[in-house]
Amino acid sequence: MLMLVLLGVPLFYMELAIGQKMRLGSIGAWRAISPYLGGVGLASVVTSMYLCLYYNVINAWSFWYIFHSFQSVLPWAECPVNSNKTGPVEECERATPTQYFFYRETLDISGSIEENGGIHMGQALCLLLAWIIVYLFIVKGVKSTGKVVYFTATFPYLVLIIYLIRGVTLHGAINGVKYMFTPKMEQLAKPTTWINAATQIFFSLGLGFGSLIAFASYNQYNNNFEKQAIVVSMVNSSTSIFASIVTFSIYGFKATFNYESCLERVRLLLLNTFDLAEDTISLENVNHWIAELNRTHPEQFASLGGRLETCDLEAELDTAVEGTGLAFIVYSEAIKNMPVSQLWSVLYFIMLLLLGMGSMLGNVIAVITPLSDLKIISRYMSTKTLNGLVCLFCLLLGLGFTTRSGNYWFTMFNDYGATFSLLFIVLIEVITVCYIYGIKRFEKDVEDMLGHRLNWYWKIMLAGVSPILLIALFIFYIVNYIQGGTPTYQAWNKELGKSVVTEYPPYAQAFIGLLLASSVCCIPLTALYTYCKKRNLASGKRERTVSTVSA
């Protein structure tokens, strides 16, 4: 909420104003402000391109899960039988059916990033389907995209409402909602919390990617972008909270189910070991009986050893995961325990697919609009051809994420491809507008478009609070990255049936450095190129003048 007010809303307002005033994509808009700043737009395009490369893989996974949902028993509900037909697959027994389906069936993942393998044909075909749909959505440019977004943005609300009604009626849902709204104050002292909050706002609102500038460039000159900035930002964040309530109600059901299953196993173990009557121990008094039997029968109780599990609801809730793990493992595990699980599975993954497609449209437009502004491209290439080439390029590179080690590269792009660059891009944007273009000049532009000047909130945020906060977050990110030591990732160990923390090899660390620097370097390199070009032109003019005078 703090990041929304201090960063999200004012920066959203600023990008809409720049796009609507300049009537250009991100590269052209920043170049119009200053020839030396074309690199800001170029950095946005590179960041959006990185996001396009890996983000559509999530949509491919959604297609995969939708296609596998039309079965009498969901394939992640139970372990498959081994080749000898003597029992379940050992890897699945060590893990869980949902983990096995994601890591082995969906990804066919290798043991580390260094173990390469062939392309997973099922995933490759799903990725091809995802890119075909993206192309069909954008084939006619931003007008067709706008119509599609009406559906991709509204249908998930319907699914969320249905899921909310189902979620809050599930046993244990309240435990998840309480967990969501119970603050952990010690987290506020950690800089990473604020960095995560800021980048969440950047991703959620599309700040720094160039997509807002691209879409705003198609607005009417006198469009009331101020009202849109406030309304869209508030609706967006309210939707995030609403979706979180839905998510945590389902998550509370899953955690409570696992907790009570653990209690039931302990109950049966105690009943069988101490030869007690069936109704002696219930789920409510298991912990009481553990303490009582430990006191009255210490030797017999000690013989239980490692067979006695420790059941803790708080620990179950604390095992929350994020990103793909939450979407494809935790939710799948919760869905399989619901009545008519196939219906809930199809609904959920269609919603996930539409949300992913909506995000993809913004990212692709953020790449295509600045490219189409370039004269060399617009002169020799139609919009449909450019759109098709961008989609084909992203598809071909994205196939690397469908290999056996592809998920590790996916994680690398997700962790390092955008966060650092977004912080830097947005910082340069706000400094440019307020201190290079000038806050007074920007104020006059706003007055020309809206009929009134900036109020005190926009001035204080844009000229003071936002840049100071961004500088602090940028420094925190660099310090945290340096102090973090060697970058690590979660490698799947099939022998243990779980993920283990593993250090990236040297070549992967070098690639991380390239990811962090590649988009950011566009800004100084473009400025240097512009400076050298102007200097050469100026010296050329002087030489021609001297030659003419001599003649």
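What is the dipole size for the chain, taken about its Cα centre, with +1 at each Lys and Arg Cβ and -1 at each Asp and Glu Cβ, in debye to the nearest 20? Spell out each step's value before the answer.
Details: 37 positive and 36 negative charges, 708 e Å.
Magnitude of the dipole: close to 3400 debye.
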Just tell me which aspartates and glutamates come within less than 14 Å, Cα to Cα, of K254; anything on the same chain fewer than 8 places away is out.
-> D312, E314, E316, D318, E333
Between the DSSP loop rule and a limit of at most 13 other Cβ atoms within 10 Å, which chymotrypsin sites (Phe, Trp or Tyr not before Pro) in segment 160-245 are left?
-> Y221
The correct pair for the chain, radius of gyration to one decimal and Dmax as a whole number, both in Å and from Cα atoms, is 27.4, 117
With a 1.4 Å probe and every protein chain kept in, tell me what percent of the accessible surface of the chain is carbon plus sulfur.
-> 62
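Over 29 Å between Cα atoms: which of K21/K190; K85/K336; K375/K534 fall into that group? Could the numbers behind the result be given before it?
Working: K21/K190 39 Å; K85/K336 24 Å; K375/K534 19 Å.
Where the Cα-Cα span goes over 29 Å, the pairs concerned are K21/K190.
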Would you calculate a helix-derived [θ] at 222 nm for the chain, using -39,500 (n - 2.57) for each DSSP H run of n ≥ 4 and dividing by the full residue count, to the nearest 500?
-> -22500 deg cm²/dmol
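Can you list which of the trypsin sites (Lys or Arg not before Pro) found in segment 23-98 are DSSP loop residues with at most 13 other C-beta atoms within 10 Å? Walk me through the numbers on the way to the answer.
Details: sites: R23, R31, K85, R94; in loops: R23, K85.
Sparse-neighbourhood loop trypsin sites (Lys or Arg not before Pro): K85.
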Give me the net charge of Y348's neighbourhood, meaning all other residues with Cβ under 15 Å from the Cβ of Y348; Lys, Arg count +1, Asp, Glu -1.
-> +2
Amide H neighbours of N493 at under 5 Å, excluding residues fewer than 5 places away on the same chain, with H built from the backbone geometry, are K498, S499, V500
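Sorted by packing (mean other beta-carbon atoms within 10 Å per residue), highest first, where do 55-67, 514-526 land? Please report the intermediate quantities before stating the final value.
Numbers: 55-67: 23.2, 514-526: 17.5.
Result, highest mean first: 55-67, 514-526.
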Can you give the accessible area per residue of the chain, in Å², using a 1.4 Å probe?
-> 48
Which distance in nm do the two modelled labels at R94 and N236 give, with both placed 7 Å along the Cα-to-Cβ direction?
-> 4.3
Compute, for M234, the solvent-accessible surface of its heavy atoms (probe 1.4 Å) with the complete set of protein chains present, and express it in square angstrom to the nearest 10.
-> 90
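For an R0 of 22 angstrom, estimate the FRET efficiency from the Cβ-Cβ distance between E114 and F203 and round to the nearest 0.05. Mind showing how you got there, number by number?
Values: r = 30 Å, r/R0 = 1.35.
Here the calculated transfer efficiency is 0.15.
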For segment 1-85, compute Rh as the Kirkwood radius over C-alpha pairs and then the Stokes-Einstein diffusion coefficient at 37 °C and 0.692 mPa s; write the answer in µm²/s, rounded to an integer.
-> 190
In segment 1-29, which residues have a backbone nitrogen under 17 Å from the label point lying 7 Å from Y457's Cα in the Cα-to-Cβ direction?
-> 1-17
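Name the longest site-free stretch of the chain, where the excluded sites are GluC sites (Glu not before Pro) in a DSSP loop with no more than 10 other beta-carbon atoms within 10 Å.
Details: sites that count: E278, E284, E322, E495.
That gives 1-277 as the longest site-free run.
The values are calculated or read from the model by the stated rules, or taken from the named source; none is laboratory data. None of these values were measured; they are calculated from a predicted model. Reconstructed Cβ throughout: ideal geometry from the backbone, glycine too, with neighbour counts over all protein chains shown. In case anyone asks, the SASA skips ligands and DNA or RNA and just uses the protein heavy atoms, side chains included. Shrake-Rupley method; radii C 1.70, N 1.55, O 1.52, S 1.80 Å.
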